[in-house]
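A quick write-up on the structure given underneath.
The values are calculated or read from the model by the stated rules, or taken from the named source; none is laboratory data. Values in this document were obtained by computation on a predicted structure and should not be read as measured data. FYI the Cβ positions are ideal-geometry reconstructions off the backbone, even for glycines, and counts take in every protein chain you see. Surface accessibility is based on the protein's heavy atoms, side chains included, excluding ligands, DNA and RNA. Shrake-Rupley method; radii C 1.70, N 1.55, O 1.52, S 1.80 Å.
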Amino acid sequence: MENLIKFLEEKITDKMPVEGIVDVFEQMCSTPLEEDMVLFETGIFTAFSKEPFFQISLVRQFSNDDEEFYQIHVDILYEPTAENKIFSETTWDEDLDENIFDYIRKSASFAYARNHEYIEVKIYMDET
């Protein structure tokens, strides 16, 4: 797990284009893990401060052998605006008939993200 986080931290650089961030996350997901799932989530959240951020989250979830899950997050944070407040979704790869990364790249929120500057990228792991 630490190797996956380290991989992300080494490959995702400051002000890297969003396309590159998704590419790196997809590469990390190619490392086999049992019972893993990928989540794509967008919306305005207050997870990192009292002030809300528009967030694009890429999450890889896998079993921690204790009936719970580890989650590796790459969260891309933007200033919330009238334009981005319309993007709100939670999509798991198992709910799609297509590759989740193809789905992400075709999404309206990804199109928005590609054309706007983000504030920062957070990379971390937690447990459910």
* To do: Restrict the check to the stretch 80-96 and report whether at least one residue is more than 20 Å from T128 (Cβ to Cβ), touching a residue at least 60 places away in the same chain (Cβ under 8 Å) and acidic (D, E).
  => no
* When you look at T46, is it at pLDDT below 95, over 25 Å from K6 (Cα atoms) and hydroxyl-bearing (S, T, Y), yes or no? -> yes
* To do: Quick one: F53 ticks every box in (1) under 12 Å from the mean Cα position of the chain (by Cα); (2) open to solvent by less than 50 Å² (accessible area, probe 1.4 Å) except a single one, so which number is it?
  => (1)
* Is there any pair with a first residue in the stretch 5-19 that is within 23 Å of N115 (Cβ to Cβ) and a second that is open to solvent by 60 Å² or more (accessible area, probe 1.4 Å) and among the charged types (D, E, K, R) whose Cβ atoms are under 7 Å apart and which are 6 or more apart or on different chains, and what are they? -> V18/R114; E19/R114
* Take the stretch 56-100 and flag every residue that is open to solvent by 20 Å² or more (accessible area, probe 1.4 Å), aromatic (F, W, Y) and in contact with an Asp or Glu (Cβ under 6 Å, 6 or more places away or on another chain). => Y70
* **Where T128 falls short, out of the listed (1) under 22 Å from I12 (Cβ atoms); (2) polar (S, T, N, Q); (3) open to solvent by 30 Å² or more (accessible area, probe 1.4 Å); (4) in contact (Cβ under 8 Å) with a residue 60 or more places away in the chain** => (1)
* To do: Would you check if there is a residue in the stretch 17-40 being buried (at least 16 other Cβ atoms within 10 Å of the Cβ), in a loop (DSSP other than H, G, I, E, B) and charged (D, E, K, R)?
  => yes
* E117 over 18 Å from M16 (Cβ atoms), more than 15 Å from the chain's Cα centre (by Cα) and not aromatic (F, W, Y) -> no
